[in-house]
Ligand SMILES: [Mg+2]
């Protein structure tokens, strides 16, 4: 059993579902690990991608991480029984020769390949990924379904509030009940208008979160906090720079309602610093670590262990990245819930084409692996990898 080849490519993605709107320069990477394992007459392939928001990782994967895996002795990448690949040993191989620290320089590239590794491992085991994770890390226990909220609410260049309301209505029509929108890229007055316009549709502050994309200084963060406090929002996300734990702690001291952050922590060490020094409160706050951006699921499992050592419930975790991989992790590891990208960051965002949303709850597909086959536009793209 061995890895035969790893393909990768960079793909442009957009924050908007409307193809007419300027998509900007954002990209992500897709990766395919070809193996010599044969299932139903075909070579087994694991697929992954770089989640959203941090650009493609082609250079790092091509120059360092892929060559290391292809040069490794095949048996060094397998589990003790030799009947499947071992994600932890593959992670160790990718990181050979790398110095500690500087996580953001490489953590997304490693996490991208890690997603493809888990798809491959679950396919070899002939299980949907959530089932494999539940059997290994949750005593086989599985929740019936996963709470999911729709993330989006980016600023529209024209008719912003009307288009925002249209976007939210579409999410509610699909069966979702909770949404998240951006703040901080307009005036406070305009942001308040956007919040009020969405509250008209979702009914209660409990159904709306706001995300400042880590751009506020302390003073601005506190000003926004004071303004939104009366709404009783679900959470106030990413107010300040992700690594400025002093400012994060000052915000937590002032804002008594739930905060959420974590997607800018790119390693176990960063996550631990957030828990120790960020002033967050295990009873009310939420942790949004992006598994793919922080070295992948092998690292995420270590982050969960660290959280539990510090008396945080894994139910406080809502992984960043509203895609199939996050959905499997959330169900298989019994996390709190997941975000969902409906129409945004296509073809990677969101879940299977036939996903049924019931009062804001969803389930992953039952196909072996992550189930990219159930999302046709993404499946077409992934299958094209290595064919150019
Ligand atoms: Mg965020």
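The values are calculated or read from the model by the stated rules, or taken from the named source; none is laboratory data. Because the structure is a prediction, the values reported are computed rather than measured. A quick note on method: Cβ atoms are made from the backbone with ideal geometry, for glycine too, and the neighbour counts reach across all protein chains shown.
Some points to look at:
- Checked against the criterion of being in contact (Cβ under 8 Å) with a residue 24 or more places away in the chain, assigned to a loop (DSSP other than H, G, I, E, B) and surrounded by 15 or more Cβ atoms within 10 Å (Cβ to Cβ), segment 115-128 has at least one qualifying residue.
- Taken together, the criteria exclude residue 54 from residues that are within 18 Å of residue 378 (Cα to Cα), in a loop (DSSP other than H, G, I, E, B) and under 18 Å from the mean Cα position of the chain (by Cα).
- Residues that are farther than 25 Å from residue 252 by Cβ and in the same structural domain as residue 254 (by TED's automatic domain parsing) number at least 1 in the following helices (runs of 4 or more DSSP H) confined to segment 139-233: 160-174, 188-202.
- Taken together, the residues in segment 357-383 that are assigned to a helix (DSSP H, G or I) and either surrounded by 18 or more Cβ atoms within 10 Å (Cβ to Cβ) or touching a strand residue (DSSP E or B) at 6+ places or on another chain (Cβ under 7 Å) (or both) amount to 5.
- Test: residue in segment 12-32 that is over 17 Å from residue 349 (Cα atoms), crowded, with 18+ Cβ neighbours inside 10 Å, touching a residue at least 12 places away in the same chain (Cβ under 8 Å) and more than 17 Å from the chain's Cα centre (by Cα): yes
- Test: residue in segment 204-218 that is closer than 25 Å to residue 271 by Cβ and more than 14 Å from the ligand (Cβ to nearest atom): yes
- Against the criterion of being touching a helix residue (DSSP H, G or I) at 6+ places or on another chain (Cβ under 8 Å), closer than 22 Å to residue 143 by Cα and buried (at least 24 other Cβ atoms within 10 Å of the Cβ), residue 324 qualifies.
- Residue check, residue 155 over 19 Å from the mean Cα position of the chain (by Cα) and either over 26 Å from residue 261 (Cα atoms) or at pLDDT 95 or above (or both): yes
- The residues on offer are 267, 254, and the sole one that is crowded, with 21+ Cβ neighbours inside 10 Å and either modelled with pLDDT of 95 or more or outside the structural domain of residue 168 (by TED's automatic domain parsing) (or both) is 267.
- Members of segment 171-193 found to be in contact with a strand residue (DSSP E or B) (Cβ under 9 Å, 6 or more places away or on another chain) and surrounded by fewer than 21 Cβ atoms within 10 Å (Cβ to Cβ), listed by number: 172, 174, 175, 177, 184
- The single residue among 248, 265, 269 that is within 16 Å of the ligand (Cβ to nearest atom) and more than 14 Å from the chain's Cα centre (by Cα) turns out to be 248.
- Residue in segment 83-104 that is out of contact with any helix residue (DSSP H, G or I) (no Cβ under 6 Å at 6 or more places or on another chain), closer than 26 Å to residue 12 by Cβ and touching a residue at least 40 places away in the same chain (Cβ under 8 Å) present: yes
- Of the listed requirements (1) touching a helix residue (DSSP H, G or I) at 6+ places or on another chain (Cβ under 8 Å); (2) closer than 26 Å to residue 108 by Cα, residue 255 misses just one: (2).
- Residue pairs whose Cβ atoms lie under 9 Å apart, sitting 6 or more positions apart in sequence or on different chains, and linking a residue in segment 208-223 that is over 22 Å from residue 164 (Cα atoms) to a partner that is part of a loop (DSSP other than H, G, I, E, B) and near the ligand (Cβ under 9 Å from one of its atoms), are 216/238; 220/212; 221/212.
- Some residue of segment 285-293 being away from the ligand (no atom under 16 Å from the Cβ) and either in contact (Cβ under 8 Å) with a residue 12 or more places away in the chain or more than 14 Å from the chain's Cα centre (by Cα) (or both): no
- Residue match in segment 345-356 (condition: modelled with pLDDT of 95 or more, assigned to a helix (DSSP H, G or I) and more than 16 Å from the chain's Cα centre (by Cα)): no
- Taken over segment 340-356, the criterion of being in contact with a helix residue (DSSP H, G or I) (Cβ under 7 Å, 6 or more places away or on another chain) and surrounded by 21 or more Cβ atoms within 10 Å (Cβ to Cβ) is satisfied by 342, 348, 351, 352.
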